[in-house]
Amino acid sequence: VNLIAISPDGQTLASSSDDQGVSLWQLSSTQPVIKRLANFCPSSSRTEKDASGVSPPRTDAEAATDVSSPRIERNLGACQIKTLAFSPNGNSLAIGTEDKIIYLLDRQSGQQLKPIKHLKGHTEDINHLAFSPDGNILASGSRYPTDPDSPETPLRLWNLQSGQEIKRLKGHTNHVMKVAFSPDGKTLASASDDNTIRLWKIPNASLSQPAGSDLIKQLNGHAHFVTAIAFSPDGHLLASGSWDKTVRLWNVKTGQEIKRLEGHTHHVTTVAFSPDGKTLASGSRDKTVRLWRVSTSEELNQKADLQGMNSANMRILQYAAGLSHAAVVNTVTFSADGNTLASASRDSSIRLWDVKTGELQQMIIKGLQNNYISCLMPTQRCWRVDDGSLVVKKQPDGRIQPLPPINQAEGRIVIEAFPASLALAHGEPLPLTLTIHNTGIAPVYWLNLVQTANENNPLVFYPPKTHLVLEPNKSIRLAAKVSAWAKYENPEQQNTALNLSITSTNADSFSVNMPVQIDIPRLTLQKASLVPEQTALVMTIRNEGNQALSQTEFTARLDNQLLENKVVTRNVIAAGQTLNLSFSLSDDIPIDKMTENTPVSLHAIKLQHPIHQWDLLPKQPLEVPTPSWYSYVLLSVLLIAILISLYYLSLYLHPLVLRISADNAQLLTLPLEQLPKAKQLLQKTRRLDSVLSSNESELKWLEEAINFSNNLSNQARCKLLGNRLSAKTQPFKDNSDVFSWQLNQAIFPLKLDRCSVYFPTADLPAAEIIMRLQQEDIHSYVMLVISLEPNQQAALRPYGENRTTRWVVPNSKELTTLLLSPKPIEVFVPMLANQLTLTYISPYQTGGGISKDSGFFGREYILAQILNRDLMNYLVIGARQIGKTSLLRHLKRRYQTHPNVDCVYRSLGDGNSQYFRDKLNEYLADLPTQQQRLLLLDEADVFIRDEIANGYPMLSHFRSLSDEGRCHFILAGFWDLHQAAVLDYFSPVKNFGEPITIGALELKGCRELATKPMTMLGIHYAQDDLVEQIITATGQRPNLVATVCDKLLKNLAGERRELNAEDVTNALQSQTVFKTFEGWESLSNDKQAARLDRLIVYTMLEKKTFKLSDVVRVLDEHDSIYTTEQLIQSLARLELAFIIQHTDEVYRYCVPLFREMLMKKEEREVFLTEELKKRRAHSRFHG
């Protein structure tokens, strides 16, 4: 509330606020009556205007009713009221608006307002208005012009009878903030941002005079802007207030300063004399109203020095907890009898005080959406004028639940019109409109259209805004959007259902189910043909989906080689369209040697959102050109085949051919020395290609495996194996027979980044090899010992199977499998697991974020929500160690292949505020021009606290960049981010990005986390329910599941590869797992808040489930002192920290293992007693 004024008869109070309207409040009634001026902006196109260009007033008189019959008055305007003043007889009200016009409003019967004149002339915002005592002259003060050539004079006098300007008073060199007439009307005082007060002689109202100076005196003394002035009733004194934090009294006749009143701790904004002149009131940005005795200049009783109340809507009725303003006090004014002081504040309230006692008598408070509440404090009764959203209840998790007006019959809502089914084009949001009708006899409040939760549903629903009130027998149309997501690789068309429900505060929900077909482009490779005359590979593709494909890039492979620099792009491929893609071939590709069995494939990637990729194989063999002499050659071949048929018959009956023909996988397990013979026999029997194809192996790999044991140097062998494993090969110091592999951490699943490879010479005895392995320089590494001499290999193998060493000795069959398998890493991992201690190579990462895709499981819905939409801002909120860092790092890896996104990850928790501000400025100063930058900011709580303390400078810059589309942000954090994004209504963080709460891992993800790495190591569970036992005990918390599984591996001894119930129980009860919970005692930087968190946990341990009333009762039994707000925040913090969860008005512990751990602590009672002592001591110390 910016402005207030009390009418001369003391019966009416006028106020204006940022809702762009004027309200009149009747002070004498026990049920305050509200009248509002809807809009007086000539430029507004939202209301009708009369002939004068002024919008007509509202005709419906709005009465503040009891809570049983609420009504809402909507504000239609586009202008803000800058100042207002009552005429001396109280019949008129003057207002100044941001359109630089002064309006005179006539008060008619029933307290309605009607515009009668408008005074034009000012070209800058009008700051203040004042009537002369006889009501004939109006003084106006405005902002000083920024343009030196502007004709604006910030101080003017107006004839109210004619509406004409009388005079412009020149002299001030900055904005005129306040004007005031002396009681005799002969003098005008003006206060300015030029730090001066000026007294002017007032001309005759009937004369229009040119601009000039009638300056009587200039009062100097204030050290900053002068923002408030007031004459005493006898006209002898002038009071002023300034940004220098002082109130000063001046002798009007001499212009001398009489007294300086000090006490305010911030800018003084307003001053006012009581009608008897004995008391002076002042208001300030320090949130206080102070009363001063003019005769002694002493501050009156301390009840008038009020400060500190939170103005959030949910606390406006708790007036006993604190009565003062929570923001800058804009205006104070006395009633005509001097018994009442009114104050208006930026905290959206008007407060009426008893001057004698300092007690609060009445509050008028503005809520959101132009709602109001008026409370009479002595009777403790309030009246609502709202749409049902003014009074709300804060849930323990911080969510807001509206409380509709009481004594209302229930409404009844139905969905009258909705589509029978939907067809979605993937990646294109579909508008969806539903008609809702209230068939009941009472209004329905806070209507929300929501999607019924379904964990695996591929639909993303964009709900409409909350509709605040729906009157009986009325209908509304709610406009929403729905889109769909699909898997990244080779997506398929899907059929699902959209389940929606319309909810409200006082009507039963109504649900509807709509079948949905998701249309997705689906590519197939019909055929591939070699065209020698064009030196080209032509591929025929078809879009067999129901949606067109746009901006797609194609690359081809021929004979397992990528056609370098051969990229084909198509802008559009329509649904059902078939087209040819031509890839030119370089001269070094032997077309004449290609056969129908030559492998060929096509890779496609869609470049626009949503991004997908396809890996396509042709439906038929490669078409190879047939030479003209083919028939002659074919005849010759047939004749030759007949001649040698008996010879080949003997080949088909060879034991090796029969063995591999019966089971093609036998090829991958042959000893290396048998591979040349196997290749020869399979080629002669024309089975080699089919055998290799069934094993997804390649001829090139087979030839390399044969050469591996015969013709290659040790360095070439090591590099060949390293390339198969995507490892980087380097010589080990100066050794010619020892090498080093740097394993690719992005794809290698084990906790192993380096491995050495040793090729002992064939004639070296095993004992000397062991001595070499024990040498200082190579002893500390995992060593892969590769021997191709059978006897030597057999002698070394037992040393590899001895898990006390770090040596791995593969036999000849394992080397074959490693060289021929299409998934060599999946062969290498169990090889290591069979010969090494599992603790040393555990695939489970228990500290920090998951750095490998092989270790990341679940979070599919969150990933789809982010990846299948255009870039935007998100706030990822969740407990510590719940997986926020892993999620951000996985997003970074996913966006690395995106051609239009430059993704950067940064943790803000490992440096001071200046350091990370410098780093952020560095990232933002060098934004790419061809891509959009996505900045992933982890551990953002410290950053948020720093932003709050400094007025959100970086966040404002973030918002500007995201609005421009140049950079978007994903912030991840815990309590501070949650408070700013969810609990603080006025924080700019709240609307910065879409909040995403990350909690328990999906069941599917938990099962995969507990089983897939184990299976990769050749380990399995004795019973399936052991996995469910782990998931239940850990509460689906991913870091706990990983820690338990890692402990299982560490405890697994010897050759055993089966996990039983005892193993699982021991792992769950281990100290390693219990240490994972460390740190829960300090969820907040506020020590008292953290202490209350611990008290709740300790006192509720005995109960598996408990209610809020149980918490209150137990804390009261222990004489713990707390406020309701502190308790609600503590419960919300514990829920966000994944310690407790709240469903159906009942709390329970999220992680049974956590409760079990605390129950076992013998010192639990000691902890509880100590916490209670500290909290009581703090409460006594702070009163």
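The values are calculated or read from the model by the stated rules, or taken from the named source; none is laboratory data. No experiment lies behind these values; they were computed from the predicted model shown. Positions of Cβ are generated from backbone atoms using ideal geometry, with glycine treated the same way; all protein chains shown enter the neighbour counts.
Name the pairs: first residue in region 1110-1124 and at negative phi, second residue among the hydroxyl-bearing types (S, T, Y), Cβ to Cβ under 7 Å, at least 6 apart or on different chains?
Once the first residue is at negative phi and sits in region 1110-1124, its partners that are among the hydroxyl-bearing types (S, T, Y) give V1114/T1099; L1115/T1099; L1115/Y1122; H1118/T1099; I1121/S1179.
Return the residues of region 442-475 that are buried (at least 17 other Cβ atoms within 10 Å of the Cβ) and either of a type in the set (D, E) or closer than 13 Å to V414 by Cα (or both); say none if nothing qualifies. Spell out how you get there, then give the answer.
Here is the first cut: in region 442-475, the ones buried (at least 17 other Cβ atoms within 10 Å of the Cβ) are 442-447, 449, 451, 457-461, 464, 467-470.
Correct list: V444, L447, L449, L470.
How many of the residues making up region 1086-1109 are touching a residue at least 60 places away in the same chain (Cβ under 8 Å) and in a loop (DSSP other than H, G, I, E, B)?
Of the residues in region 1086-1109, 1 are touching a residue at least 60 places away in the same chain (Cβ under 8 Å) and in a loop (DSSP other than H, G, I, E, B).
Restricting to region 673-710, name every residue that is part of a helix (DSSP H, G or I), within 58 Å of the chain's Cα centre (by Cα) and acidic (D, E).
So in region 673-710, the residues part of a helix (DSSP H, G or I) come out as 673-684, 688-694, 699-708.
From what's left, within 58 Å of the chain's Cα centre (by Cα): 675, 688-694, 699-708.
D689, E703, E704, listed by residue number.
May I ask you to verify whether L750 is hydrophobic (A, V, I, L, M, F, W, C), more than 27 Å from L692 (Cβ to Cβ), in contact with a strand residue (DSSP E or B) (Cβ under 8 Å, 6 or more places away or on another chain) and not assigned by TED's automatic domain parsing to the domain that holds R893? So that I can check it myself, show each step before the final result.
Working: hydrophobic (A, V, I, L, M, F, W, C): yes; more than 27 Å from L692 (Cβ to Cβ): yes; in contact with a strand residue (DSSP E or B) (Cβ under 8 Å, 6 or more places away or on another chain): no; not assigned by TED's automatic domain parsing to the domain that holds R893: yes.
Answer is no for this residue.
Would you list the helices (runs of 4 or more DSSP H) that sit entirely within region 967-1052 and hold 1 or more residues that are at pLDDT below 90 and within 17 Å of Y952 (Cα to Cα)? Walk me through it before giving the result.
Values: elements: 975-978, 1003-1016, 1025-1034, 1038-1051.
Filter on region 967-1052 gives 975-978.
Going residue by residue through region 1160-1169, is there one that turns out to be over 29 Å from A1033 (Cβ atoms) and at pLDDT below 85?
Of region 1160-1169, the ones over 29 Å from A1033 (Cβ atoms) are 1169.
Next cut, at pLDDT below 85 only: 1169.
For region 1160-1169, residues over 29 Å from A1033 (Cβ atoms) and at pLDDT below 85: present.
So, of the residues in region 547-570 that are surrounded by fewer than 20 Cβ atoms within 10 Å (Cβ to Cβ) and either touching a residue at least 60 places away in the same chain (Cβ under 8 Å) or among the aliphatic types (A, V, I, L, M) (or both), which turns out to be nearest to T524 (Cα to Cα)?
Checked region 547-570; the qualifying residue nearest to T524 (Cα to Cα) is A548.
Say we look at region 789-803 and pick out the residues that are in a loop (DSSP other than H, G, I, E, B) and at pLDDT below 90; which of these is farthest from A833 (Cα to Cα)? Explain how you work it out, then say what you get.
So the first thing to find is which residues in region 789-803 are in a loop (DSSP other than H, G, I, E, B), and the list is 789, 802-803.
Filter once more, keeping what is at pLDDT below 90: 802-803.
Working: N802: 12, R803: 10 Å.
Looking at the filtered set, the residue picked out is N802.
I want to confirm something. Restricting to region 890-918 and keeping residues that are assigned to a helix (DSSP H, G or I) and surrounded by fewer than 20 Cβ atoms within 10 Å (Cβ to Cβ), which single residue is nearest to the chain's Cα centre (by Cα)? Give the derivation first.
Of region 890-918, the ones assigned to a helix (DSSP H, G or I) are 890-895, 913-918.
The next check asks that each one be surrounded by fewer than 20 Cβ atoms within 10 Å (Cβ to Cβ); those that pass are 892-894, 913-915, 917-918.
On the way: K892: 16, R893: 19, R894: 19, S913: 21, Q914: 24, Y915: 23, R917: 20, D918: 23 Å.
That would be K892.
Quick one: how many residues across region 804-845 are surrounded by fewer than 17 Cβ atoms within 10 Å (Cβ to Cβ), modelled with pLDDT under 85 and either in a loop (DSSP other than H, G, I, E, B) or among the polar types (S, T, N, Q) (or both)?
Residues of region 804-845 that are surrounded by fewer than 17 Cβ atoms within 10 Å (Cβ to Cβ), as a first pass: 804, 813, 822-823, 826, 830, 837, 839-840.
Remaining after also requiring modelled with pLDDT under 85: 804, 837, 839-840.
So of that shortlist, the ones also either in a loop (DSSP other than H, G, I, E, B) or among the polar types (S, T, N, Q) (or both) come out as 804, 837, 839.
Of the residues in that region, 3 qualify.
Keeping to region 234-292, report how many residues are assigned to a loop (DSSP other than H, G, I, E, B), of a type in the set (S, T, N, Q) and without any contact (Cβ under 8 Å) to a residue 60 or more places away in the chain. Even if it seems obvious, please write down each step before you answer.
Here is the first cut: in region 234-292, the residues assigned to a loop (DSSP other than H, G, I, E, B) are 234-236, 243-245, 252-256, 263-267, 274-278, 285-288.
Filter once more, so that each one left must be of a type in the set (S, T, N, Q): 254, 256, 265, 274, 288.
Retained after the next criterion (residues that are without any contact (Cβ under 8 Å) to a residue 60 or more places away in the chain): 254, 256, 265, 288.
Total meeting the criteria: 4.
When residues of region 568-625 are filtered for being β-branched (V, I, T) and in contact with a helix residue (DSSP H, G or I) (Cβ under 7 Å, 6 or more places away or on another chain), how many remain? Lay out the reasoning, then the answer.
Going residue by residue through region 568-625, those that are β-branched (V, I, T) are 568-569, 572-573, 578, 589, 591, 595, 598, 600, 605, 611, 624.
Within this subset, residues satisfying the condition of being in contact with a helix residue (DSSP H, G or I) (Cβ under 7 Å, 6 or more places away or on another chain) are 591.
Residues flagged as β-branched (V, I, T) and in contact with a helix residue (DSSP H, G or I) (Cβ under 7 Å, 6 or more places away or on another chain) within region 568-625 amount to 1.
Answer yes if at least one residue in region 142-156 is among the basic types (K, R) and closer than 22 Å to L93 by Cα, and no otherwise. Give the steps one after another, and end with the answer.
Going residue by residue through region 142-156, those that are among the basic types (K, R) are 143, 156.
Then drop every residue that is not closer than 22 Å to L93 by Cα, which leaves 143, 156.
The answer is yes; a qualifying residue exists.
Kindly evaluate S601 against the criterion of being over 18 Å from L525 (Cα atoms) and of a type in the set (S, T, Y). Let's see the steps before the verdict.
Working: over 18 Å from L525 (Cα atoms): no; of a type in the set (S, T, Y): yes.
Answer is no for this residue.
Which of the following residues is among the β-branched types (V, I, T) and under 21 Å from P899 (Cβ atoms): V512, V482, V567?
Numbers: V512 fails: under 21 Å from P899 (Cβ atoms); V482 fails: under 21 Å from P899 (Cβ atoms).
After ruling out the rest, the residue left standing is V567.
So that you can scan it fast, the table gives a plain yes or no per residue for (1) assigned by TED's automatic domain parsing to the domain that holds P760; (2) without any contact (Cβ under 8 Å) to a residue 24 or more places away in the chain; (3) of a type in the set (A, V, I, L, M):
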position: I644; (1), (2), (3): no, yes, yes
position: I660; (1), (2), (3): no, no, yes
position: L681; (1), (2), (3): no, no, yes
position: K684; (1), (2), (3): no, no, no
position: S697; (1), (2), (3): no, no, no
position: C718; (1), (2), (3): yes, no, no
position: L725; (1), (2), (3): yes, no, yes
position: P731; (1), (2), (3): yes, yes, no
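Specify the residue that is modelled with the highest pLDDT; the eligible residues are those in region 112-162 that are among the basic types (K, R) and outside any strand (DSSP E or B). Spell out how you get there, then give the answer.
Within region 112-162, the first condition is being among the basic types (K, R), and the residues that meet it are 114, 117, 120, 143, 156.
Still in the list and also outside any strand (DSSP E or B): 120, 143.
Numbers: K120: 88, R143: 91.
Checked region 112-162; the qualifying residue modelled with the highest pLDDT is R143.
Among (1) crowded, with 22+ Cβ neighbours inside 10 Å; (2) within 17 Å of G973 (Cα to Cα); (3) touching a helix residue (DSSP H, G or I) at 6+ places or on another chain (Cβ under 9 Å), where does T885 come up short?
Of (1) crowded, with 22+ Cβ neighbours inside 10 Å; (2) within 17 Å of G973 (Cα to Cα); (3) touching a helix residue (DSSP H, G or I) at 6+ places or on another chain (Cβ under 9 Å), only one is false for T885: (3).
Restricted to region 1031-1044, and to residues that are surrounded by fewer than 24 Cβ atoms within 10 Å (Cβ to Cβ) and either closer than 9 Å to A1010 by Cα or among the aliphatic types (A, V, I, L, M) (or both), which residue is nearest to the chain's Cα centre (by Cα)?
I1031
Scan region 1033-1048 and tell me whether some residue there is charged (D, E, K, R) and free of Cβ contacts under 8 Å to residues at least 60 places away in the same chain. Don't jump to the end; show me each part of the working.
We begin by selecting, within region 1033-1048, every residue charged (D, E, K, R); these are 1037, 1046-1047.
Subsequent filtering for residues that are free of Cβ contacts under 8 Å to residues at least 60 places away in the same chain retains 1047.
So far as region 1033-1048 goes, yes, one or more of its residues are charged (D, E, K, R) and free of Cβ contacts under 8 Å to residues at least 60 places away in the same chain.
Within region 657-680, take every residue that is farther than 20 Å from L788 by Cβ and touching a Leu at 6+ places or on another chain (Cβ under 6 Å) and give me the one that is surrounded by the most Cβ atoms within 10 Å (Cβ to Cβ).
I660
Conditions first: (1) modelled with pLDDT under 95; (2) touching a strand residue (DSSP E or B) at 6+ places or on another chain (Cβ under 8 Å); (3) of a type outside the set (F, W, Y); (4) under 21 Å from P133 (Cβ atoms). A228 passes all but one, so which condition is the exception?
Failed condition: (1).
Is it the case, given these coordinates, that I1139 is within 17 Å of Y1098 (Cβ to Cβ) and either outside the structural domain of V876 (by TED's automatic domain parsing) or in contact with a Gly (Cβ under 7 Å, 6 or more places away or on another chain) (or both)? Spell out the reasoning first.
Working: within 17 Å of Y1098 (Cβ to Cβ): yes; either outside the structural domain of V876 (by TED's automatic domain parsing) or in contact with a Gly (Cβ under 7 Å, 6 or more places away or on another chain) (or both): yes.
Yes: the conditions hold for I1139.
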